[in-house]
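The values are calculated or read from the model by the stated rules, or taken from the named source; none is laboratory data. Because the structure is predicted, anything quoted here is derived from the model rather than measured. In this analysis, Cβ positions are derived from the backbone assuming ideal geometry, glycine residues included, and neighbour counts consider all displayed protein chains. Only protein heavy atoms, including side chains, enter the accessible area calculation; ligands, DNA and RNA are left aside. Shrake-Rupley method; radii C 1.70, N 1.55, O 1.52, S 1.80 Å.
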Amino acid sequence: MPCLVTVGGFFGDEGKGKIIAYLAKKDNPSIAVRGGVGPNAGHTFAHEGKEYKVRMLPSAGLNPATRLLIGAGVLVNPQILLKEIAMFQADDRTYVDAQCGIIEQAHIDRDKGEHLNGKIGTTGTGTGPANADRALRTLRMARDVPELSLYVEDVSNSVNYALENNEKVLVEGTQGTYLSLFHGGYPFVTSKDVTASGICSDIGIGPKKVDDVLVVYKAYVTRVGGGPLQNEISEEEAKKRGWLEFGSVTGRQRRAAPFDFDLAKKANRINSATQIAVTKLDVMFPACARVRQYEKLPADARRYIEDIEGELGVKATLIGTGPELDDVIDRR
Ligand code: IMP
Ligand code: MG
């Protein structure tokens, strides 16, 4: 993997954080770089019983040898970022592009309005209004924020330089394909494109620099906020199946539905998937919990994976079997 791009295949919350945290530990990349919208995303991972949530930094903070970068396309909330830098003691390995846009309180206030909060059901983190100001060219940039001066650099230069030196770069997308402003069901989408091409653009790497695109799917589908969800099940049914989840940024209850092959096929195409990950298989098949070898999965769980691979025509290289970052079957 010199350059691996990881994106979500459904509506976000597919478990990208845990997959990235695993890859950061296992593959020891010199850089993990985050694209996507901004602090509306919450990526969660657990290690040795402790749970971590990041909204700004890449989910690679537990590997002290990995530099943590934020691409120019990403919106930064300085308060949240500074807290996360402190949490991972990442002062000397965090780099923010000078042209990251800055979220102000006024953006957060505007995100609580009737249309965004009421109709769309946004996360209320100010990202949509900030991206609107960015398009109007009135947004403040990271280079203008004194508290960030220590971290500001040209992230696309760093990433391209590392790739030219054959170093490993792990690119972390946020949200999911069907929250893309272009490819999701408008207007129930986020404020920019979040497919693999958009994530690369956020960071400033060209399409020919990418070696692998890993699209992450959860074993079932969840969605927070408004918008269509095919074959949505009731709250009681979701509870019975163990699919009832709550948002890591907003705490809102997530809606749930079975794995959607049509959405996944389309997401694989849009993102040009070369591999897929399937997370939370242990929620579907409790006997899978913490299994780390494919051969040790029960037959019905293997069949589930093989059905997905058969429909999508791409190998499930990583399978999540529990919350700990090492609870992964790695078939690469
Ligand atoms: P916004 O991105 O806060 O403007 O919200 C727009 C829509 O995207 C809403 O339905 C949110 O719930 C959803 N959304 C944004 N970011 C995430 C995420 O990281 N995970 C899941 N849903 C998200
Ligand atoms: Mg999330």
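Tabulated results
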quantity: Residue-count net charge about ALA98 - beta-carbon cut-off 10 Å; Lys, Arg +1, Asp, Glu -1; calculated: -3
quantity: The chain - mean residue ellipticity at 222 nm from DSSP helices (-39,500 (n - 2.57) per run, n ≥ 4, rounded to 500); calculated: -8000 deg cm²/dmol
quantity: Segments 213-223, 19-29, 252-262 sorted - mean Cβ within 10 Å per residue, highest first; calculated: 213-223, 19-29, 252-262
quantity: Calculated on alpha-carbon atoms, Rg and Dmax of the chain in Å; calculated: 18.6, 57
quantity: Selection from LEU214, THR122, ALA299 lying farthest towards where the dipole of the chain points positive, charges on Cβ; calculated: ALA299
quantity: FRET efficiency estimate (nearest 0.05) - Cβ-Cβ, GLN79 to LYS112, R0 22 angstrom; calculated: 0.80
quantity: Cβ-based net charge around THR66, under 10 Å, with every Lys or Arg adding one and every Asp or Glu removing one; calculated: +3
quantity: Volume per residue that the Cα convex hull of the range 191-298 spans, once the total is divided by residue count, Å³; calculated: 148
quantity: Distance between modelled label sites at ALA65 and LYS296, nm, 7 Å Cα→Cβ extension; calculated: 2.6
quantity: Inter-part distance where the range 91-150 and the range 34-86 are each reduced to a Cα centre, Å; calculated: 16
quantity: The range 44-176 - Kirkwood radius from inverse mean 1/r over Cα pairs (Å); calculated: 16.0
quantity: By accessible area with a 1.4 Å probe, ligands and nucleic acids excluded, highest first: order of HIS115, HIS183; calculated: HIS115, HIS183
quantity: Estimated inter-spin distance, GLU164 and LYS266, nm [label 7 Å along Cα→Cβ]; calculated: 4.0
quantity: Percent of Cα-Cα distances greater than 18 Å, calculated over the range 111-244; calculated: 68
quantity: Distance violations [Cα-Cα > 26 Å] among LYS26/LYS192; LYS168/LYS296; LYS240/LYS280; calculated: LYS26/LYS192; LYS168/LYS296
